[in-house]
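One structure coming up, written as structure tokens, with questions to follow.
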Amino acid sequence: MVKISYVSADGAIDVVDAEVGDSVMSAALRNGVSGIIGECGGNNSCATCHVWVREEFREAVGTPNEIEADLIDMGVSEPRDCSRLGCQIVLEEQLDGLVVDLPPTQP
């Protein structure tokens, strides 16, 4: 199991347990985390699972591929250097304790 903390724009924190191999988006949806919509179901085509990855996890999470980067550039209201789409972050054991911040709105 991997623990993930989702921090909403108002500071509320949802901590969930997820299986290795799940995505940040699927774990949020399965556990009713508010602020993750996942409209496309994880197909890397809508950007409604936008998260900001905390600095201490950025290297472990990695960088977006070209399609994801384009979606972030064109589809989110507050892109940052730490922006990722939750559907594209696959959980591995080294991501146990991952903390992501949720933007105030999704596209």
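Pairs of alpha-carbon atoms within less than 8 angstrom and 6+ residues apart define the contacts here; what relative contact order does segment 40-103 have, in percent?
Relative contact order here is 52 percent.
I'd like the carbon and sulfur percentage of the solvent accessible area for the chain, probe radius 1.4 Å, heavy atoms only, ligands and nucleic acids excluded.
46
Counting heavy atoms of the protein chains only and a 1.4 Å probe, report the per residue accessible area for segment 23-107 as a whole number of Å².
Computed with neighbouring chains in place, this is 51 Å² per residue.
Can you tally the net charge around ILE67? Count Lys and Arg as +1, Asp and Glu as -1, for every other residue whose Cβ sits under 15 Å from the Cβ of ILE67.
With Lys, Arg at +1 and Asp, Glu at -1, the neighbours total -3.
If we count every other residue with Cβ under 14 angstrom of ALA9's Cβ, Lys/Arg +1 and Asp/Glu -1, where does the sum land?
Here the count lands on -3.
Assign one of three labels to segment 8-60, namely rounded, prolate or oblate, based on the Cα gyration tensor with a ≥ b ≥ c the square roots of its eigenvalues; rounded applies when a/c is under 1.5, prolate when it is not and a/b is larger than b/c, and oblate otherwise.
Verdict is rounded for segment 8-60.
Relative contact order for the chain: what percent, with Cα pairs under 8 Å and sequence separation of 6 or more?
41
If you don't mind, another one. Considering only the other residues whose Cβ falls under 15 Å of the Cβ of GLY35, what net charge follows from Lys and Arg at +1 and Asp and Glu at -1?
Once all neighbours under 15 Å are counted, the net charge is -3.
For labels at GLU56 and LYS3 in the simple 7 Å Cα→Cβ model, what's the distance in nm?
The modelled label-to-label distance comes out at 1.1 nm.
Could you give the length gained by full extension between ASP81 and VAL15, i.e. 0.36 nm per residue of separation minus their alpha carbon distance, to one decimal place?
Stretched out fully, the ASP81 to VAL15 stretch lengthens by 21.4 nm.
Read through the labelled values (i) 0.93; (ii) 1.19; (iii) 1.08 and report the label of the one computed as Cα Rg over 2.2 N^0.38 Å from the structure.
The listed entry that was calculated here is (i).
The values are calculated or read from the model by the stated rules, or taken from the named source; none is laboratory data. These numbers come from a predicted model, not from an experiment. Note: ideal-geometry Cβ built from the backbone for every residue, glycine included; neighbour counts use all protein chains shown. For the accessible areas, the whole protein counts, side chains as well, though only heavy atoms, and no ligand, DNA or RNA atoms are used. Shrake-Rupley method; radii C 1.70, N 1.55, O 1.52, S 1.80 Å.
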